[in-house]
């Protein structure tokens, strides 16, 4: 895949769009933009020997009295992407569920247009379908999610705190996160917790100095529940903020026991995740998970006894699974009736161990799986409340979180919609400082690897202090 554009930012978007249309083809695309005499002209030179395609395309856009609008980066990018979508859709006789939209946050894209005055909320679905070639079902999904995100508060004094534990019991076949197997880093865990607490104490001072109010706390990973009950207690004892929502990921059911859950409960954790991914034991073994369906049921029973709000993650398109298997998974999770269910579409990442041709048999039924999940969950009273997309997801689909009985995870909304500052602690954590008035976001990443984080914790703290001056 070769894409050349005069604008680097735009080039990445064009690569994403072209990959969605033809992930395994030898595409070559050169894009040029010309402005003058009341027009913007976009030229596309496309070659693909495997499809016997070699053609030049040209599109003109009149700007007349709207030159200032067309001159903006975002609007011009939309024009170029829409033009490329029309070309590829026509020459390949193919459409995409999300049309010309690239990027991971379709709902944020729609909300930004609403807040800028470009779009009325009542017209979201219509405009996405008409102007961006989004399918009707996906356009309606965006509109529905926006209606369910009533908890958004844009206040620069409100912040979320994120703590990262990039350690898991084993590595899943599809995972591309920078996460460590516990067996390989067990001797570093205590020192890592020392450094987490050191950074956390510095963050407490930053929060106090800036008069921030902690809205939500989220401990993620990795699998934080891979820590022992004693290690969890040591870490959680250092978190002294009162907040409306406190989540700890416990994604692997085989890492959950009564002692760990009691420690979390004692320190104010209100929500946990228990992630089956599938209720097929053969698939679990195939993807490198060491738990069974029985472990999920046992962990869930313990969580209910302790009074936690529970999220369960599922994945559509796992290797070897067909629609009938996925359908049974959906039926099982509905029988359990957790407060939150997140349905992911499998993403094939370069950093993961899972490698196969995404045009192969495994993804043929994934559209049917996702459509079934979204339709069935909503019929059973669950409402979609946040969504994101990833690169290399099967069929260009999405991940959607559902809730019942008003139990949304506010942190998920804040982080996906990028409406609140997130101060992030730990290896691989990304701090985002949101300036709502200026419509600006600044980012500060921590080193990705545990060893680097431990070695550089003093430097990390100083950078964070400077970042929040």
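The values are calculated or read from the model by the stated rules, or taken from the named source; none is laboratory data. Just so it is clear, the model here is predicted, and its values are computed rather than measured. FYI the Cβ positions are ideal-geometry reconstructions off the backbone, even for glycines, and counts take in every protein chain you see.
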Item to check | Single residue of 261, 235, 284 found to be crowded, with 19+ Cβ neighbours inside 10 Å, without any contact (Cβ under 8 Å) to a residue 40 or more places away in the chain and assigned to a helix (DSSP H, G or I) | outcome: 284
Checklist outcome for this item: Inside the range 190-217, the number of residues satisfying the requirement of being in contact (Cβ under 8 Å) with a residue 60 or more places away in the chain and under 18 Å from residue 448 (Cα atoms) is 7
Next on the checklist: Regarding the range 65-83, can at least one residue be identified that is on the phi < 0 side of the Ramachandran plot, modelled with pLDDT of 90 or more, crowded, with 18+ Cβ neighbours inside 10 Å and in a loop (DSSP other than H, G, I, E, B)?
Outcome noted: no
Item to check | Subset tally (residues that are surrounded by 15 or more Cβ atoms within 10 Å (Cβ to Cβ), under 23 Å from the mean Cα position of the chain (by Cα) and not in a helix (DSSP H, G or I)) for the range 105-150 | outcome: 6
Checklist entry - Only one of 401, 428 is assigned to a strand (DSSP E or B), crowded, with 21+ Cβ neighbours inside 10 Å and either at pLDDT below 95 or in contact with a strand residue (DSSP E or B) (Cβ under 9 Å, 6 or more places away or on another chain) (or both); which? => result 401
Checklist entry - residue 116 fails exactly one of the following numbered conditions: (1) out of contact with any helix residue (DSSP H, G or I) (no Cβ under 7 Å at 6 or more places or on another chain); (2) under 23 Å from residue 419 (Cα atoms); (3) touching a residue at least 12 places away in the same chain (Cβ under 8 Å). What is the number of that condition? => result (3)
Next on the checklist: For the range 404-425, which positions are touching a helix residue (DSSP H, G or I) at 6+ places or on another chain (Cβ under 6 Å) and assigned to a loop (DSSP other than H, G, I, E, B)?
Outcome noted: 420
Next on the checklist: Among the numbered criteria (1) touching a residue at least 12 places away in the same chain (Cβ under 8 Å); (2) out of contact with any strand residue (DSSP E or B) (no Cβ under 6 Å at 6 or more places or on another chain); (3) part of a loop (DSSP other than H, G, I, E, B); (4) surrounded by 13 or more Cβ atoms within 10 Å (Cβ to Cβ), which one does residue 94 miss?
Outcome noted: (4)
Item to check | Leading residue by the ranking (surrounded by the most Cβ atoms within 10 Å (Cβ to Cβ)) among those in the range 210-227 that are farther than 26 Å from residue 339 by Cα and touching a helix residue (DSSP H, G or I) at 6+ places or on another chain (Cβ under 9 Å) | outcome: 212
Item to check | Scope the range 169-189; condition over 22 Å from residue 247 (Cα atoms), in a helix (DSSP H, G or I) and in contact (Cβ under 8 Å) with a residue 24 or more places away in the chain; matching residues | outcome: 185, 188
Next on the checklist: I'd like to check something: does the range 167-190 contain any residue that is surrounded by 15 or more Cβ atoms within 10 Å (Cβ to Cβ), out of contact with any strand residue (DSSP E or B) (no Cβ under 8 Å at 6 or more places or on another chain) and modelled with pLDDT of 95 or more?
Outcome noted: yes
Item to check | Residue that is modelled with pLDDT of 95 or more and more than 30 Å from residue 364 (Cβ to Cβ), where the choices are 244, 225 | outcome: 225
Item to check | Residue under evaluation residue 275, criteria (1) in contact with a strand residue (DSSP E or B) (Cβ under 6 Å, 6 or more places away or on another chain); (2) in contact (Cβ under 8 Å) with a residue 40 or more places away in the chain; (3) not in a helix (DSSP H, G or I), criterion not met | outcome: (2)
Checklist entry - Out of 455, 363, 414, which single residue is modelled with pLDDT of 95 or more and crowded, with 17+ Cβ neighbours inside 10 Å? => result 414
Item to check | residue 241, sole failed condition from (1) under 24 Å from the mean Cα position of the chain (by Cα); (2) under 21 Å from residue 465 (Cα atoms) | outcome: (1)
Checklist entry - Going through the range 53-64 one residue at a time, which ones are modelled with pLDDT of 70 or more and surrounded by 13 or more Cβ atoms within 10 Å (Cβ to Cβ)? => result 53, 57, 59, 61
Item to check | Residues of the range 433-464 that turn out to be farther than 20 Å from residue 193 by Cα, out of contact with any helix residue (DSSP H, G or I) (no Cβ under 8 Å at 6 or more places or on another chain) and part of a strand (DSSP E or B), as a count | outcome: 5
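Matching residues to (1) buried (at least 17 other Cβ atoms within 10 Å of the Cβ); (2) at pLDDT 95 or above:
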residue: 266; (1), (2): no, yes
residue: 273; (1), (2): yes, yes
residue: 303; (1), (2): yes, yes
residue: 308; (1), (2): yes, yes
residue: 321; (1), (2): yes, no
residue: 337; (1), (2): no, yes
residue: 344; (1), (2): yes, yes
residue: 347; (1), (2): yes, no
Checklist outcome for this item: Residues of the range 287-298 being assigned to a helix (DSSP H, G or I) and within 25 Å of the chain's Cα centre (by Cα), in sequence order, are 296
Checklist outcome for this item: Scanning the range 36-52 residue by residue, those more than 36 Å from the chain's Cα centre (by Cα) and either assigned to a strand (DSSP E or B) or surrounded by 15 or more Cβ atoms within 10 Å (Cβ to Cβ) (or both) turn out to be 36, 39
Checklist entry - Considering 151, 168, which residue is in contact with a helix residue (DSSP H, G or I) (Cβ under 8 Å, 6 or more places away or on another chain) and over 24 Å from residue 346 (Cβ atoms)? => result 151
Item to check | Candidate set: the range 216-232, residues that are within 20 Å of the chain's Cα centre (by Cα) and outside any loop (DSSP other than H, G, I, E, B); chosen: the one farthest from residue 185 (Cα to Cα) | outcome: 216
